[in-house]
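Scroll down for the structure; my scribbles are underneath it.
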Amino acid sequence: MLLVAIAAVMLAGEPVHFDASHQPQFTTNQIQNTSAATRNGLARWAATPHGRHLLDYFAAHDCDIEVIEDTSENAMGRAPEPGIATLVSKRKRFVMVLNPAFYKLPKDMAPLPGQLANASDAMAVAWAGEMLHIYFYARGISLPHHPRPDFQDQWVAIAGELGMTGVRHDDGDEFARAVTVRYLGR
């Protein structure tokens with residue numbers, strides 16, 4: 001099996017290697033020290049056309065992305081805006097924080113179509129949203145991103161590729177703190 005480092009995505013302190021179809025091949029350390037939801041989310045996002053495009057972009061533009069799981073984080077994910085030194089350096093280093101425990105479907109509720117159903121869905125959306133922010137940072141575009149038409153166009157496409165067409169990512173939904181999710185009672 002051919003393994004390539006498409007982008008320098010670090011998870012559990014180690015680089016994630018991807019096979020030729022952009023599927024992550026996790027190490028024993030990564031499996032033991034990260035949640036299944038985080039790993040499943042990465043695999044789902046990396047399998048989308050936008051995920052593959054962004055991974056290739058990061059690799060071609062010398063980007064390193066350190067991914068940290070933090071269950072005390074008050075969000076599904078965030079990608080802090082880097083300092084000016086990162087934006088002007090050849091090798092760009094970014095941090096992404098994910099909280100795989102943040103999303104829980106309320107008891108006796110069922111998600112509507114196009115909404116999050118479980119932690120893996122939440123992590124796929126978090127990977128997609130935060131990597132999209134990092135993509136804008138890597139291109140020298142500082143915050144705010146949400147009101148930009150190009151950001152929203154890409155978000156709508158990515159959400160569609162993940163089957164999460166009902167999940168918004170804009171200032172109105174406070175994506176960094178919560179995702180608007182609608183449910184049907186059972």
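A short reminder: the numbers here are calculations on the coordinates, not readings from a lab. None of the values given here were measured: they were computed from a predicted structure. Using ideal geometry, Cβ is built from the backbone for each residue, glycine included, and neighbour counts are taken over all protein chains shown.
Quick notes on this structure:
- Relative to the Cα centre, the charge distribution of region 3-185, modelled as +1 at Lys and Arg Cβ and -1 at Asp and Glu Cβ, gives a dipole magnitude of about 40 debye.
- Fraction of the pair-distance distribution of region 3-185 above 30 Å, Cα-Cα pairs, percent: 13
- When you work out D = kT/(6 pi eta Rh) for region 36-91 at 25 °C and 0.890 mPa s, using the Kirkwood radius from C-alpha pairs as Rh and the Stokes-Einstein form, the result is 184 µm²/s.
- Convex hull volume of region 1-111 per residue (C-alpha atoms, cubic angstrom): 132
- Of the trypsin sites (Lys or Arg not before Pro) found in region 1-107, the ones in coil according to DSSP and having at most 11 other Cβ atoms within 10 Å of their Cβ are Lys90, Arg91, Lys104, Lys107.
- Taking 7 Å steps out from each Cα toward its Cβ at Ser142 and Gln25 produces label points 4.1 nm apart.
- Among beta bridges that DSSP assigns inside region 3-185, antiparallel share in %, nearest 5: 50
- As a calculated quantity, the FRET efficiency between Asp62 and Ala101 at R0 = 30 Å, using C-beta atoms, amounts to about 0.40.
- Fully extended contour minus Cα-Cα distance, from Leu112 to Ala85, at 0.36 nm per residue: 5.4 nm
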